[in-house]
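Note sheet for the following structure.
The values are calculated or read from the model by the stated rules, or taken from the named source; none is laboratory data. Bear in mind that the values here come from a model prediction, so they are computed numbers and not experimental data. No Cβ is skipped: glycine too gets one built from the backbone with ideal geometry, and neighbour counts run over all protein chains shown.
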Amino acid sequence: MEFSLPGENDPIRQEVRKWLEAHPSPTGEELAEAGLVAPHWPKPFGREADPISQLVIEEELRKAKVTRPSNTIGIGWAGPTILHAGTKEQKERYLMPILSAKEIWCQLFSEPGSGSDLASLSTRAYIDGDNFVVNGQKIWTSFGHVAKFGILLVRTNPEVPKHQGISYLICPMDSPGITVRPIVDMTGMHTFNEVFFDDVHIPVENLVGELNRGWELAKVTLANERVSLSTGGVLWGNGPVAKDLIDLVKLTGGTQDPLVRQELAKVYTEGEILRWLSLRLISAAVSGQEPGPESSVRKALGDEHGQNLMRVAKSMAGASGMVDVGSFPGNLSPFQNAIGYWNIGFIFSAALTVGGGTSEIQRNIIAEKTLGLPKEADFDAVKAWNERAGG
């Protein structure tokens, strides 16, 4: 794992610094037009930046305290899929507003009856003139209540095997017939939603890729999702990392409890392993190697690490951790002031090993695609075989 960032005289670094001097407080649209939101995207949406250039740009933005627009699903998942298979008109219409976060996006994949088995989705669509007519239900739709558009998987041919006959649509969320209902999670926040479709008309030009070939695009989206969920902070790319907890413990005088010290050492070690896995991904990209199994491994390890880290932080709060004292008035220690922050993370962390593909699904992928192990048994087929054999 050998790479180093270019020095002060690097032309990319100098170019970005000069631009930031002219735009000290850039808007999302200015960042998007400059190709600095997703610099690895092709021009005119990005800069076609290689991995090293991306790191240089990231470093310069961080030094200037410039935050990119927040549009997780649009930038991380919808945009790359439209880039991959969208028409020229779709790219021109949607990509810049995605990058600037002028238009927020959501993902309409999961259904109540098709959790990990996404290909068994039952939301139906048929073509009527110039429109798809959609009926069905989606669930766990993040930001569905504020999104302008959604990426929607529908079954357009129910007569073929489940991985076939699925189409990938761009869904305007203000279409008549769409009902969005909130799902309030254990933290008390409203991020998730369930979405109902009742004879919703979506123009046929909103089809991405080919009719009935949407599963291939769904895999593109899901691949980007799992990479996105495995980066940054331990709460699906957001929130703290293990070092933040270690720094907080140091700030409050440390701990002499050997069991607590052991727990802290464990989560710190997990965090460092995950950080080095990330560096391996970067190093492989820089050296031109094809991506290996690290992203799937990192997702599986990272989810459990997030839960471990939040559990340790919660336990260290002691009795105070039983209430959200972060909102209480008074003269509180730094650790007590942070309890509300870690409390939300602890409650949310239960979702980590479920969202974006359960830990069991991730391990199946690693076993089959990386280790070459056989797929898990089709128990219905085994049962049928036994019945035919008289077993």
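The table that follows gives values for the structure above.
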| quantity | calculated |
| --- | --- |
| Wholly enclosed strands (runs of 3 or more DSSP E) of the stretch 132-250 bearing at least 1 residues modelled with pLDDT under 95 and under 17 Å from the mean Cα position of the chain (by Cα) | 190-203 |
| Where a residue in the stretch 184-207 is at positive phi and its partner, wherever it lies, is at pLDDT 95 or above, with Cβ under 9 Å and at least six apart | ASP199/VAL133; ASP199/VAL134; ASP199/ASN135; ASP199/PRO176; ASP199/GLY177 |
| Conditions (1) touching a helix residue (DSSP H, G or I) at 6+ places or on another chain (Cβ under 8 Å); (2) in a helix (DSSP H, G or I); number of the one not met by HIS40 | (2) |
| Count of residues meeting criterion [more than 23 Å from GLU29 (Cα to Cα) and either buried (at least 18 other Cβ atoms within 10 Å of the Cβ) or without any contact (Cβ under 8 Å) to a residue 24 or more places away in the chain (or both)] in the stretch 100-114 | 6 |
| Residue within the stretch 115-122 that is under 22 Å from LEU207 (Cα atoms), under 18 Å from the mean Cα position of the chain (by Cα) and either modelled with pLDDT under 95 or not assigned by TED's automatic domain parsing to the domain that holds GLU30 (or both) present | yes |
| Restricting the stretch 43-62 to residues that are in contact (Cβ under 8 Å) with a residue 24 or more places away in the chain and under 21 Å from the mean Cα position of the chain (by Cα), the residue that is surrounded by the most Cβ atoms within 10 Å (Cβ to Cβ) | PHE45 |
| Selected residue (criterion: modelled with the highest pLDDT) from residues of the stretch 279-294 that are closer than 25 Å to GLY372 by Cβ and either touching a His at 6+ places or on another chain (Cβ under 6 Å) or part of a helix (DSSP H, G or I) (or both) | ARG280 |
| Output for the stretch 251-272, where each listed residue is exposed (fewer than 14 other Cβ atoms within 10 Å of the Cβ), assigned to a helix (DSSP H, G or I) and of a type outside the set (Asp, Glu) | LEU251, PRO258, LEU259, ARG261, GLN262, ALA265, THR269 |
| Count of the stretch 351-360 residues which are crowded, with 17+ Cβ neighbours inside 10 Å and either at pLDDT 75 or above or assigned to a helix (DSSP H, G or I) (or both) | 3 |
| Evaluation of ARG275 against (1) in contact with a helix residue (DSSP H, G or I) (Cβ under 6 Å, 6 or more places away or on another chain); (2) more than 19 Å from ALA313 (Cα to Cα); (3) at pLDDT 65 or above (one fails), failing number | (1) |
| Pick from the stretch 175-208, criterion within 22 Å of GLN90 (Cα to Cα) and in contact with a helix residue (DSSP H, G or I) (Cβ under 9 Å, 6 or more places away or on another chain), ranking: surrounded by the fewest Cβ atoms within 10 Å (Cβ to Cβ) | GLU205 |
| Test: residue in the stretch 66-76 that is modelled with pLDDT of 95 or more, in a helix (DSSP H, G or I), within 29 Å of ALA218 (Cα to Cα) and among the aliphatic types (A, V, I, L, M) | no |
| Filter pass, ALA32 being in a loop (DSSP other than H, G, I, E, B) and either of a type in the set (Val, Ile, Thr) or under 25 Å from the mean Cα position of the chain (by Cα) (or both) | no |
| Sole exception among (1) assigned to a loop (DSSP other than H, G, I, E, B); (2) aliphatic (A, V, I, L, M); (3) touching a strand residue (DSSP E or B) at 6+ places or on another chain (Cβ under 7 Å) for ALA101, by number | (3) |
| PHE348 of a type outside the set (Asp, Glu), at negative phi and modelled with pLDDT under 80 | no |
